[in-house]
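The values are calculated or read from the model by the stated rules, or taken from the named source; none is laboratory data. Worth saying up front: this structure is predicted, and the values here are computed from it rather than measured. Here the Cβ positions follow ideal geometry from the backbone for every residue, glycine too, while neighbour counts run over all protein chains shown.
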Amino acid sequence: MDSIVVTGNGPLSGEIAIAGAKNACLALMPATLLTEEPLILTGAPRLSDIKTMTVLLESLGADAASLQDGQVLAMSSHDLKSTRADYDIVRKMRASNLVLGPLLAREGHAEVSLPGGCAIGARPMDLHQDGLEALGAEIELRDGYLHAKAANGLRGAQIALRFPSVGATENIVMAATLAKGTTVLDNAAREPEIVDLVRCLRAMGAQIEGEGTSRIEIQGVDRLGGATHRVVTDRIELGTYMLAPAIAGGEVECLGGTLDLVQSFVDKLVETGVEVEETARGLKVRRAPGARVQAVDVETAVFPGFPTDLQAQMMALLTTAEGVSQLHETIFENRFMHAPELTRMGAEIDVQGGTATVTGVARLKGAPVMATDLRASVSLILAGLAAEGETVVNRVYHLDRGYEQVVRKLRGVGAQVERVKG
């Protein structure tokens, strides 16, 4: 397996172009199943998860072409041949379950395997199932597959989610676009990826209001058409690269970033003593060399709270902060698997249940470490930027699911990083 070798070499300087959002794109792609007309996505990230979703859509009979070096996805579902999402594909990626709502809405039936993804904790499908059943679907779990049917079509309903799940919100909203009547979804997720999906669906002819709030109203239509839509900036990649100069020192401008995507994260970053400035091109992050960051407490929450997908990276920064920080993980129960690896680099971290107490040290030391999931992978790379000597991050195949050209981007701002083939 490939590994990434990082040698701490001081302050960073330059600019990094932030890609389109992986999580937004993975929700936008299944929207092609709602129409026979072409759906074109621009600004798409070039990631293995996007390839996996492409393979899944093609297995259903959709056409999906990758253009302009993978940054444009041209899709058409004019001739679907299957409504079965097979385990061999779905097991690789959690977002595969997002074909369920669109298939059910358009074809009246679907068989979707229970999904896979990073082992960061339980992510059940019950909220998806409850919402779709409220729309009139009959769903049965059998042999590891959700067998769903709506013989008489879907119908609008009042739905209140027990938890503002992003995936359940996306599945329900997509299904409701073709349901008869009005659907009101309360306690909906408010993430930018939801807003981006609704904007795309609206461009396809859907009638939706309330995106970005906890109450979304969908008036079903008879059919949707095609559209061309630009994928929103990836707020998790944005936050990750903003942490690079915060950890290593220096000044980096993250092109395409906006404060509204990462405000809660920026608030905590500024609290550590790092400077963040919004520019005409993005967000500029600055930490003077030798100026040690200050400890802060962080609690993950659904949007607009601090993102769970930036918790591991923030922990990497706080390992070298002055003072004691506490990180409270409220979303996923297994999301501190990076802590033992950071400890191998000299960090002082005590994990008790959903809380990690981090006592900052003056300097980390390079060591061989192992990536356990997508965000843990990049957190170890970031830690290597602040470490003395060489850090070797093993099992980085996780990284390719969520970060495009991470070595090139970091080297472009002066980091000493290389990928070694295994």
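Quick one: in region 270-283, which of the residues that are of a type outside the set (Gly, Ala, Ser) and surrounded by 19 or more Cβ atoms within 10 Å (Cβ to Cβ) is nearest to Val252 (Cα to Cα)?
Once the filter is applied, the top-ranked residue is Leu283.
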#### Entry: Residue that is closer than 27 Å to Ala24 by Cβ and at pLDDT 95 or above, where the choices are Val407, Val358, Val420
Val407
### Summary
Leu310: passes all of (1) in contact with a Phe, Trp or Tyr (Cβ under 6 Å, 6 or more places away or on another chain); (2) outside any helix (DSSP H, G or I) but (2)
### Message
Every residue in region 179-197 that is surrounded by fewer than 23 Cβ atoms within 10 Å (Cβ to Cβ) and within 16 Å of Ala105 (Cα to Cα), please.
### Response
Lys180, Gly181, Thr182
### Task
Any chance you could count how many residues in region 365-422 are in a helix (DSSP H, G or I), among the small types (Gly, Ala, Ser) and more than 27 Å from Met53 (Cα to Cα)?
2
#### Entry: Odd one out for Gln294 among (1) without any contact (Cβ under 8 Å) to a residue 40 or more places away in the chain; (2) surrounded by fewer than 20 Cβ atoms within 10 Å (Cβ to Cβ); (3) in contact with a strand residue (DSSP E or B) (Cβ under 7 Å, 6 or more places away or on another chain); (4) closer than 29 Å to Thr169 by Cα
(4)
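Listed residues Thr359, Thr372; which is buried (at least 18 other Cβ atoms within 10 Å of the Cβ), polar (S, T, N, Q) and assigned by TED's automatic domain parsing to the domain that holds Leu12?
Values: Thr359 fails: buried (at least 18 other Cβ atoms within 10 Å of the Cβ).
Of Thr359, Thr372, the one residue that is buried (at least 18 other Cβ atoms within 10 Å of the Cβ), polar (S, T, N, Q) and assigned by TED's automatic domain parsing to the domain that holds Leu12 is Thr372.
Based on this model, can you work out whether Ala168 counts as in a helix (DSSP H, G or I), assigned by TED's automatic domain parsing to the domain that holds Thr320, surrounded by 19 or more Cβ atoms within 10 Å (Cβ to Cβ) and within 22 Å of the chain's Cα centre (by Cα)?
On the way: in a helix (DSSP H, G or I): yes; assigned by TED's automatic domain parsing to the domain that holds Thr320: no; surrounded by 19 or more Cβ atoms within 10 Å (Cβ to Cβ): yes; within 22 Å of the chain's Cα centre (by Cα): yes.
Against the criterion (in a helix (DSSP H, G or I), assigned by TED's automatic domain parsing to the domain that holds Thr320, surrounded by 19 or more Cβ atoms within 10 Å (Cβ to Cβ) and within 22 Å of the chain's Cα centre (by Cα)), Ala168 does not qualify.
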## Note on the structure
Expected output for region 181-208 (first residue in contact (Cβ under 8 Å) with a residue 12 or more places away in the chain and within 26 Å of Thr42 (Cβ to Cβ), partner among the aromatic types (Phe, Trp, Tyr) and surrounded by 19 or more Cβ atoms within 10 Å (Cβ to Cβ), Cβ below 9 Å, 6+ apart or cross-chain) is Ala189/Phe303; Arg190/Phe303; Glu191/Phe303; Pro192/Phe303; Glu193/Phe303; Ile194/Phe303
### Task
Return only the number of the condition from (1) surrounded by fewer than 16 Cβ atoms within 10 Å (Cβ to Cβ); (2) in contact (Cβ under 8 Å) with a residue 60 or more places away in the chain that His328 does not satisfy.
(2)
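Any idea which of Val221, Val184, Val195 is on the phi < 0 side of the Ramachandran plot and assigned to a helix (DSSP H, G or I)? Full working, then the answer.
Details: Val221 fails: assigned to a helix (DSSP H, G or I); Val184 fails: assigned to a helix (DSSP H, G or I).
Going through Val221, Val184, Val195 in turn, just one is on the phi < 0 side of the Ramachandran plot and assigned to a helix (DSSP H, G or I): Val195.
Quick one: count up the residues across region 220-236 that are without any contact (Cβ under 8 Å) to a residue 60 or more places away in the chain and either of a type in the set (Lys, Arg) or in contact with a strand residue (DSSP E or B) (Cβ under 8 Å, 6 or more places away or on another chain) (or both). First the steps, then the outcome.
Quick first cut of region 220-236, residues without any contact (Cβ under 8 Å) to a residue 60 or more places away in the chain only: 221-222.
If we keep only those that are either of a type in the set (Lys, Arg) or in contact with a strand residue (DSSP E or B) (Cβ under 8 Å, 6 or more places away or on another chain) (or both) too, we end up with 221.
Within region 220-236, residues that are without any contact (Cβ under 8 Å) to a residue 60 or more places away in the chain and either of a type in the set (Lys, Arg) or in contact with a strand residue (DSSP E or B) (Cβ under 8 Å, 6 or more places away or on another chain) (or both) number 1.
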### One residue from Ile247, Ile216 being among the β-branched types (Val, Ile, Thr), more than 20 Å from the chain's Cα centre (by Cα) and more than 27 Å from Leu154 (Cβ to Cβ)
Ile247
